[in-house]
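Undergrad: This is the structure I have questions about; it appears just below.
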Amino acid sequence: MDDLALDGESMKQLLNDLSRVNKWLGGTRISIDGITKLLNAQSKRETITILDVGCGDGEMLRECARYGDREGFIFQLIGVDANENILNEAKERSKGFQNISFKPMDVFSEELVEIDFDIALCTLFLHHFSNTEIIQILNKLSVKSKIGVVVNDLHRSLLAFGLFKLFGIVFLKTPIARHDGLVSIARSFKRKELEQLIRSSTNDVTTIKWKWAFRYQGLLKKTK
């Protein structure tokens, strides 16, 4: 997934596999739960802009749109990703969602700080970067967000590695999805590591909770 030239049918099959993983292992649900907590007591009369960094095919944003419709929130949803091929697929898969838009963008570019948003989502995104880069990303998002940031990422453990290996053999169709999943777990976080990264990036009120299946939910909530 770090290959920005990824395209064509192999890309579509990989995205389908990733969507399957998120659906069955709770990837999108954890982020939606984080949004719910950040929006506690938030007025439903105001438009809430949600930015999804590293949005991939836009599945997270489509889930946000469905959630907003169910709960009566007015959402403006923006997805950014460095892979324009994946963004083209995201646009195709998001037809019919009038409140979703996409922008090709490097998360380290100055363009990101030009976007106004209330909540930022980092769903299975941070583990692709070095610690220094993670601190930089979280600092930028926490400073710019008006409500807060939701981090949803993987817990590194031998058990998670072994269980995903079995899951991949049975349920994933593409070798790259099976390989990338294991690499992602190897790159991911112990709780203390994630806590330290978040503490180093912001003074916002933060909470970190372990969630099934081997995920951490981190909430960076703006202080008043």
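Undergrad: Compute the distance in nm between two label points, each set 7 Å from the Cα along the Cα-to-Cβ direction, one at A82 and one at K209.
TA: 3.2
Undergrad: Further question on the same structure: Karplus couplings for segment 105-114 from phi (6.51 cos²θ - 1.76 cosθ + 1.60, θ = phi - 60°), rounded to Hz, Gly and Pro as x?
TA: Once rounded to whole Hz, the list reads 6, 7, 4, 8, 6, 6, 4, 4, 6, 7.
Undergrad: Continuing with this model, one more query. Explain nothing, just compute: Karplus ³J(HN,Hα) = 6.51 cos²θ - 1.76 cosθ + 1.60, θ = phi - 60°, for every residue of segment 44-50 in order, whole Hz, x for Gly and Pro.
TA: The phi angles translate into 8, 8, 9, 6, 9, 9, 10 Hz.
Undergrad: A follow-up question, please. At q = 0.14, 0.18, 0.20, 0.24 Å⁻¹, what log₁₀ I(q)/I(0) does a Debye calculation on the Cα points of segment 144-224 give, no solvent, two decimals?
TA: Taking Cα atoms of segment 144-224 as identical point scatterers yields -0.55, -0.77, -0.86, -1.06.
Undergrad: Give the long-range amide H neighbours of G79: residues separated by 5 or more places, or on another chain, with amide H under 5 Å away, using H modelled in the peptide plane at 1.01 Å from N.
TA: The answer is D52, S101, F102, K103.
Undergrad: To the nearest 0.05, what FRET efficiency results for S130 and T223 with a Förster distance of 35 Å applied to their C-beta separation? Please report the intermediate quantities before stating the final value.
TA: Details: r = 27 Å, r/R0 = 0.78.
Using R0 = 35 Å, I get an efficiency of 0.80.
Undergrad: Let me ask something additional. Label point 7 Å out from E114 along Cα-to-Cβ: which residues of segment 46-69 have amide N under 20 Å?
TA: What the label zone holds, given the 20 Å backbone N cut-off, is 49-55.
Undergrad: Just from its helices, what would the mean residue ellipticity at 222 nm be for the chain, if runs of 4 or more DSSP H residues each count -39500 (n - 2.57) and the sum is divided by every residue, rounded to the nearest 500 deg cm²/dmol?
TA: Numbers: 8 runs with 103 residues, N = 224.
Dividing the helical sum by the residues of the chain leaves -14500 deg cm²/dmol.
Undergrad: With +1 on each Lys and Arg Cβ and -1 on each Asp and Glu Cβ, how big is the dipole of the chain about its Cα centre, in debye rounded to the nearest 20? Write down the numbers at each step before the final one.
TA: Working: 32 positive and 29 negative charges, 242 e Å.
Computed about the Cα centre, the dipole is about 1160 debye.
Undergrad: For a 27 Å ceiling on Cα separation, which of these pairs sit above it: K95/K209; K144/K173; K95/K221; K165/K222; K12/K37; K37/K144?
TA: Numbers: K95/K209 34 Å; K144/K173 39 Å; K95/K221 32 Å; K165/K222 38 Å; K12/K37 33 Å; K37/K144 19 Å.
Listed pairs above 27 Å: K95/K209; K144/K173; K95/K221; K165/K222; K12/K37.
Undergrad: Over all Cα pairs of the chain, how is the pair count split among 10 Å bins, expressed in % and running from 0 up to the last occupied bin?
TA: 8, 35, 39, 17, 1
Undergrad: Using alpha carbon centroids, what distance separates segment 120-198 and segment 67-83, in Å?
TA: 21
Every number here is computed from the coordinates shown, using simple stated rules; none is lab data. Only a predicted model underlies this, so the values are computations on that prediction, with no experimental measurement involved. Cβ: placed from backbone, ideal geometry, glycine included. Neighbour counts: every protein chain shown.
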